[in-house]
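The next block holds one structure in the form of structure tokens; read it before the comments.
The values are calculated or read from the model by the stated rules, or taken from the named source; none is laboratory data. Model, not experiment: these values are computed from the prediction. Quick reminder, even Gly has a Cβ in these numbers, built from the backbone with ideal geometry, and neighbours come from all protein chains shown. What goes into the accessible areas is simple: the full protein's heavy atoms, side chains included, and nothing from ligands, DNA or RNA. Shrake-Rupley method; radii C 1.70, N 1.55, O 1.52, S 1.80 Å.
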Amino acid sequence: MQRSRQEYLTKSIGCICYANNLFGYVHNHELDHVTEMAGDPEEIEILKEYLDFEQCEVLCKRIHESKLEDVEVEDTIYPWLKIVVLDVKGQNGKSSLTWCFLAVLKDQAEEDLPIPEGIKTITDTRHMECFIDSMIDASQMLIRDEVSRSTAEEEIRKSNSAKQEMEATVRRLEATTSIVQLLDRDDEIERIILDFLRIMVLHLKTGGAQVFRVQEVYDGSELLAEYKNAEARVNSVQRPLCGEHFWNQDKAVAISADTPRAPGLSGEMQECGVNAIASIPVLVNQKIAMYVCIYECTEMRNWSVDDIRYMNDAVKVLQSILARRIQKNSLASSFESLEAILDNVAGGVFVWTAESDEMLFANRYVRSVFSKELRDHSLMNVFGNRIDPEKDNGNYEVNYIERMRWFDFYYTKMIWMDGRKALLCSLYDVTDKKNYQHKIEQQASTDYLTGLYNRMCCEKDLAKMVDTAKKEHTRGALLYMDLDDFKHINDGLGHQYGDVLLTSIAHSVQKIAGIENSCYRMGGDEFVIIVPPVEYDKLNDIIEQIKAIFTKPWFLKGADYYCTMSMGIVNFPEDSDKVEELIRKADISMYEAKKGGKNRVAFYADSSDQASGKRLDMEKNMREATIHGCDEFEVYYQPIMDVSGGEGVCCGAEALVRWDSAEMGFISPADFIPLAEYLGLINPIGSYVLEQACATCKAWNDAGFPNYKVNVNLSVVQLLQPDIVTIIERAIQKTGVNPHNLTLEVTENLAINDMRRMKDVLGSIKGMGARIALDDFGTGYSSLSHIREMPLDVIKVDQSFVKDLAADSYPQAFIRMVTQLAATLGMQVCVEGIETGRQYEALEGLNVRMIQGYYFDMPLTKEAFEAKYIDSAK
């Protein structure tokens, strides 16, 4: 296990260092090295010439022993080399793992202290800070996983303990039943006593047992029977092990291996070679007639409470056997003695004969608990319907549904006192243990937050349904659902409201008929719904009901918030009959839905596998491109035309990012932008585009076009960054662009989903002098009151309203309404997607000032744009 953990950590530190261009190693809680330094060996050798690794060890020890700090970044004598230490503390606050990383920062290198040649693993300060934030989040998740794992291990330990206790109870009951059966034996008393000793020795797993009698005529004792090492002796001349310390005792005496002893007793036990011994008096006619002695010679035995209880119960049965033999002519008296014993046994005991369907005996427990069943002669209908007539004995569990109780039931064939064949039955209430077992099983298969089944249960149920579909030649469906932009609500409102949203969605989906018992939370904001074969004809209706759930807002933190979902669907068994493959293909389809614009449903197709491979390649190359300064990304510019003067005059452009990958070639924005948002890489890409666009606009303004403006799109992910205002301000200051010539476009859905935050962020941006445009207006959930609340300068009407502009009066009426609203609020209107002359002509008289679309020009490279709209216009 230790080696497996070390291999896992070695692999993890290697992957982390490779992905983030770092060097590093791992300490355990004793500050011992768990892994070697990860990174290129030749580069590590070079670093050893510039870094005293003792500094790393001292920093690790300081963070390791600190109760307040979990992360620290320390300078070295070289400005380009930093030491980063992160300490993972467990639930008890003590250190579990300490990560130590070395970062070579290209932006910290100085001319007189450059980065040594040969070191290629290089990053920068911003990526190092992002990495630290990510590792802190990962460490917190690791701590939560440790808590969950500790809780699960404790529950498993309790379950195992309960199982062991139940098994011990079963063995004790079986041994007790075997001793009770001796009551019916007509063998010689010596034979019965030897069998009695044999049963006790085998059950207690002890060295041996004796029965001896105290002689009143002379001061001594006589050994009557002994069972030791699978050998039995009767009337042996051997001296009993129990000496005078046990002869005059009127109650049981038990000496364990660790029990303090008087000097005389200790010497006597040592002389006999006994480590532990127990002696129980046997009463006949209220007088002590003999003693039963159980002993252990080889092992250090400590008697348990259950051991002592079993010995006493067994001796009581032996007393009944002896009393029965003494009172051969008084069967009634013998029966009363046995009844008195069995009335005090924990559990039910009864004797029933099938010959007359008659209850021959029932102890106090049976008479009190099952009085109604005894009156109705229905007790055997409850417990006896699984008795195997071919077997002499057996046992099984009984679920008494009417009483909501569980019982362990045992039966053994016997001959009753009058010679009739009968069944000796015993039963024990195990409801509490069954309920506890059910609780443990439920916890193991249920998501603690939403109450839905978890991933483990999903895979198990899916396997069963696939088998059913294959056997019955039917089909089912697997729906893989992921919430769109859930992270924004979770981070913006707080995790407690994110949990409320997840729970509300889970309960809403679970209410849909046909899938009440087949909804699962796979983790995070991912859910799976299995449509069983018997409900497959309702698939389309179920999909529509799920989609309807997300058309309404969720009331969170005193306001309405919208949350959409993307869902991938596979059919089984035609798409696959393997659980892992079905889940993988459903996940691929879900991503295709996200890539198509989110809030969509996509069915799996064979081409999806190829798309999945392309996605993995795209992700790898995109990460590498952002690490190397986003130099593979290029900003294109589509002109925005001012038509207020009658003819279109260029007044600026919208900056649009394009990616020309060195490995994959030119990639469509429709393919890589959703992936960049999904991976969070839209932040560095967006910052790069913003800075490039600002620098380009500044160049245009300086070239004699002071009124040219540039529009830059801000994605949902970018706007939710806590430092987005600082990023924009830094770009303006760095490029020197006039902020009044910068227009930042935000989407309608984001603005509506977090109006309070949007007003604060947009207000800060407006305070710098930049302009705000509401992009894709008309496609989301906006209301006129929301538009009024937002500090907007421009409303951009989505191109979906332009498609039928020349032939349909509705889009014309809509645009006229928007221009009137904008005029009232002091805003301008820009219509996107104008591609034909008829569309352009249809806008006449609608008071639209700005137009954008292929009718005027497509997105152009910077050089092409400047040649057409800058150089030629001078």
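Within segment 394-407, how many residues turn out to be over 41 Å from the mean Cα position of the chain (by Cα) and open to solvent by 90 Å² or more (accessible area, probe 1.4 Å)? Residues flagged as over 41 Å from the mean Cα position of the chain (by Cα) and open to solvent by 90 Å² or more (accessible area, probe 1.4 Å) within segment 394-407 amount to 0.
Scanning segment 757-795 for residues that are touching an Asp or Glu at 6+ places or on another chain (Cβ under 7 Å), within 21 Å of Ala559 (Cα to Cα) and at pLDDT 80 or above yields a single hit, Lys759. Among strands (runs of 3 or more DSSP E) entirely within segment 242-298, having at least 3 residues that are modelled with pLDDT of 85 or more and closer than 19 Å to Glu222 by Cα singles out 276-284, 287-296. Answer yes or no: is there a residue in segment 333-346 that is polar (S, T, N, Q) and open to solvent by 50 Å² or more (accessible area, probe 1.4 Å). Yes: segment 333-346 contains one or more residues that are polar (S, T, N, Q) and open to solvent by 50 Å² or more (accessible area, probe 1.4 Å). I'm checking my understanding of the structure. Among residues of segment 606-629 that are modelled with pLDDT of 80 or more and open to solvent by 40 Å² or more (accessible area, probe 1.4 Å), which one is farthest from Glu129 (Cα to Cα)? Here the residue is Asp617.
In this structure, Asp499 does satisfy being in a helix (DSSP H, G or I) and either open to solvent by 40 Å² or more (accessible area, probe 1.4 Å) or of a type in the set (Lys, Arg) (or both). The lone criterion from (1) surrounded by 22 or more Cβ atoms within 10 Å (Cβ to Cβ); (2) modelled with pLDDT of 75 or more left unmet by Asp798 is number (1).
Residues of segment 568-584 include at least one that is touching a residue at least 40 places away in the same chain (Cβ under 8 Å), in contact with a helix residue (DSSP H, G or I) (Cβ under 6 Å, 6 or more places away or on another chain) and charged (D, E, K, R). Looking at segment 299-330, which of its residues are among the aliphatic types (A, V, I, L, M), open to solvent by less than 70 Å² (accessible area, probe 1.4 Å) and at pLDDT below 85? The answer is Ile321, Leu322, Ala323. The set of residues in segment 299-324 that are over 45 Å from the mean Cα position of the chain (by Cα) and outside any helix (DSSP H, G or I) contains only Glu299.
Here the condition is being part of a helix (DSSP H, G or I) and surrounded by 10 or more Cβ atoms within 10 Å (Cβ to Cβ); of Arg375, Arg367, Arg386, it holds for Arg367 alone. For first residues located in segment 61-85 and open to solvent by less than 20 Å² (accessible area, probe 1.4 Å), partners that are of a type in the set (Gly, Ala, Ser) and assigned to a loop (DSSP other than H, G, I, E, B) and lie 6+ apart or on another chain with Cβ distances below 8 Å form the pairs Trp80/Ala109.
Here segment 161-188 is the region considered, the condition is being over 50 Å from the mean Cα position of the chain (by Cα) and either loosely packed, with under 15 Cβ neighbours inside 10 Å or modelled with pLDDT under 80 (or both), and the residue that is farthest from Met417 (Cα to Cα) is Glu188.
Picking from residues in segment 246-282 that are free of Cβ contacts under 8 Å to residues at least 40 places away in the same chain and open to solvent by 70 Å² or more (accessible area, probe 1.4 Å), the one that is nearest to the chain's Cα centre (by Cα) is Pro260.
Restricting the first member to segment 168-184 and to residues that are under 15 Å from Gly347 (Cβ atoms), and the second to residues that are open to solvent by less than 40 Å² (accessible area, probe 1.4 Å) and part of a helix (DSSP H, G or I), the beta-carbon pairs closer than 7 Å and six or more apart or on different chains are Arg172/Tyr310; Ala175/Ile199; Ile179/Phe196; Ile179/Ile199; Ile179/Ala314; Ile179/Val317; Val180/Val317. Restricting attention to segment 547-564, the residues being in contact with a strand residue (DSSP E or B) (Cβ under 7 Å, 6 or more places away or on another chain) and among the hydrophobic types (A, V, I, L, M, F, W, C) number 3.
Of the strands (runs of 3 or more DSSP E) that lie entirely inside segment 646-733, those containing 1 or more residues that are closer than 19 Å to Ile772 by Cα and open to solvent by 30 Å² or more (accessible area, probe 1.4 Å) span 649-661, 709-713.
One residue alone among Lys487, Lys511, Lys552 is surrounded by fewer than 21 Cβ atoms within 10 Å (Cβ to Cβ), more than 24 Å from Gly680 (Cβ to Cβ), among the charged types (D, E, K, R) and within 24 Å of the chain's Cα centre (by Cα), and that residue is Lys511. The criterion of being at pLDDT below 85, farther than 23 Å from Gly524 by Cβ and open to solvent by 20 Å² or more (accessible area, probe 1.4 Å) does not hold for Lys578. Based on what the data block shows, is Glu155 assigned to a helix (DSSP H, G or I) and either touching a Ser or Thr at 6+ places or on another chain (Cβ under 8 Å) or modelled with pLDDT under 85 (or both)? Spelling it out, Glu155 is indeed assigned to a helix (DSSP H, G or I) and either touching a Ser or Thr at 6+ places or on another chain (Cβ under 8 Å) or modelled with pLDDT under 85 (or both). Summed over segment 331-362, residues that are assigned to a loop (DSSP other than H, G, I, E, B) and modelled with pLDDT of 90 or more total 0. Could we say that Val570 is β-branched (Val, Ile, Thr) and not in a helix (DSSP H, G or I) here? In short, yes.
In segment 512-540, the residues that are of a type in the set (A, V, I, L, M) form Cβ pairs under 7 Å with partners that are crowded, with 18+ Cβ neighbours inside 10 Å and part of a loop (DSSP other than H, G, I, E, B), at six or more places apart or across chains, as follows: Ile529/Ile515; Ile529/Ser518; Ile530/Ser518; Val531/Gly514; Val531/Ile515. Taking the condition closer than 23 Å to Met758 by Cβ, of a type in the set (A, V, I, L, M, F, W, C) and buried (at least 20 other Cβ atoms within 10 Å of the Cβ), does Val831 pass? Taking the combined requirement at face value, the residue does not satisfy it. Between Ile83, Ile77, which is under 24 Å from Ile46 (Cβ atoms) and modelled with pLDDT of 90 or more? Every option except Ile83 fails the conditions.
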